[in-house]
Amino acid sequence: MGNVAENRRVEGKPRLTLLLAAPRGFCAGVDRAIRIVELALQKFGPPVYVRHEIVHNRFVVERLERMGAVFIDELDQAPAGARVIFSAHGVPKSVPAEAERRELFYLDATCPLVSKVHVEAGRHFNAGHQIVLIGHAGHPEVEGTIGQLPEGAISLVETVADAETFEPRNAESLAYITQTTLSVDDTAEIVAVLRRRFPLIAGPHKEDICYATTNRQEAVKAIAPRADVVFVIGAPNSSNSMRLVEVAKRAGARDAALIQRATDIDWSLVRAGETVGLSAGASAPEILMEEVIGSFRKRYDVRLEEVAVTKENVEFNVPRALM
C-alpha cells in the first residue's frame, strides 16, 4: 500500500485505530476476468463487448469503459462480428450457443472455481441425481449454474427454512452444490439440515464456496471482535461483499456497513478513540482501500494495523487466444 500504510503521529487530530483485514480485495478469478478484458482490448482494439458487469464493481467497470469496453445486458445488443466476453460469474449454456449461432467471437471470463461447480452439476445430473443448489435467486452465478442443465434439473434453496420444507422427487437420489460466494456459516447450517433430512445426499468432493470468499470472511471474523464498526468496500450487488457485512455483525462488531467509495462513509458511526475495521470484497481494487484510509487520515490521527489470517498465491491463466 506504499505510503498510505505508514503510521506517523499527527498532532491536533483525535486518534483512531484502523484494523485492515487480510486477505481482502481482488481474488484470482476477478483479477483474471479483468485481465481478459484488458488483453482483449490490447489485442483487438475497442470496442470489445462484455455481457453483464465483468465483476460487481462500478469503479472497475467504468475504468474498462474508458478503455473501450462496452457493457451489454444480452448478446443481441452486440453487432454482427463483434468480440464478446462473458462475465466472471458464468453464463447459461444458451449464451455461448447464441454467440455461435450469431457467429460472434467470444471469450469466457467465468471464474475457474465457478466452472468447477458447473462440472459438478453435470456429473451429478449424469449420475441421475436431482440437484439442490444453495444460493441466492437472481444472482448471475446462480442463473448461470441453473442454465447448465435442462429446466427442472436444479432446485434452488436459499435458506434453512427452504431446506426444511424442500421436497425432492426421490430422497435417495439427491446431490447439492453451492454458489461460490455465500456465507460459510450460513451455508453450513443449510447443509446440516439437508444432511439430516436426506442422509444419502451427495456433496461436492471439495467445498464449493471459493477460497477467496472463505479467507475474506475469516479475516473479518478476526478483526470484528476488536472493532467498534467495520466498513466493507464493495458493491450492493456483490454477494461476497454483502456476506462480509453480515459476518462482521455476527462476529462481534458493534456495527458494520457496506461502502462503495470513501464518500459513502457514514461518519456518525465513527467516534474518536475507537477502533474501525476495514475490509473489501473480492471485486474491489486496493486503490479504493487506499482512498478510504486517506479519508480517515484527513479527520483522524490514524494508527494502522493489518490483521492477516493467511496469504494467497492463487493465479489463473487467461484463455489461450489472448496469450
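The Rg/Rh ratio for the chain is 1.01, where Rg is the radius of gyration of the alpha carbons and Rh is the Kirkwood radius.
Let's see if you can work this out: charge +1 on each Lys and Arg Cβ, -1 on each Asp and Glu Cβ, no other charges. What is the dipole magnitude of segment 28-110 about its Cα centre, in debye to the nearest 20?
220
Across the options Ala253, Ile177, Ile131, the greatest Cα extent toward the positive end of the charge dipole of the chain (unit charges at beta carbon of Lys, Arg, Asp, Glu) belongs to Ala253. Rounded to 0.05, the FRET efficiency of the Glu305 and Arg66 pair, given R0 = 45 Å and the Cβ-Cβ distance, is 0.80. Entry note, the chain: the mean residue ellipticity at 222 nm calculated from DSSP H runs of n ≥ 4, each adding -39500 (n - 2.57), is -11000 deg cm²/dmol after division by the residues and rounding to the nearest 500. Shown here for segment 91-133: GluC sites (Glu not before Pro) in loop regions (DSSP other than H, G, I, E, B) with at most 13 other Cβ atoms within 10 Å, namely Glu103. In this structure the amide hydrogen of Arg83, modeled in the peptide plane, comes within under 5 Å of the amide hydrogens of Tyr49, none closer than 5 places in sequence on its chain. Run the numbers for Ala321 and Ile287: contour at 0.36 nm per residue of separation, minus the present Cα-Cα distance, in nm. Between Ala321 and Ile287, full extension yields 9.3 nm more.
Once both labels are positioned 7 Å from their Cα atoms along Cα-to-Cβ, the gap between Asp185 and Leu269 label points is 1.7 nm. Note on segment 184-323: Kirkwood hydrodynamic radius from all Cα pairs is 16.9 Å, rounded to one decimal. Using a cutoff of 8 angstrom between alpha carbon atoms and counting only pairs six or more residues apart, the relative contact order for the chain works out to 28 percent. For Ala282, the residues 5 or more places off, or on other chains, whose built amide H falls under 5 Å of its own are Ser241. Charged side chains reduced to their Cβ positions (Lys and Arg at +1, Asp and Glu at -1) give the chain a dipole of some 860 debye around its Cα centre.
FYI, it's all coordinate maths here, none of it is from the lab. What you see is a predicted model, and the numbers here were worked out from it, not measured in a lab. Cβ sites come from the backbone with ideal geometry, for glycine too, and all protein chains shown count toward neighbours.
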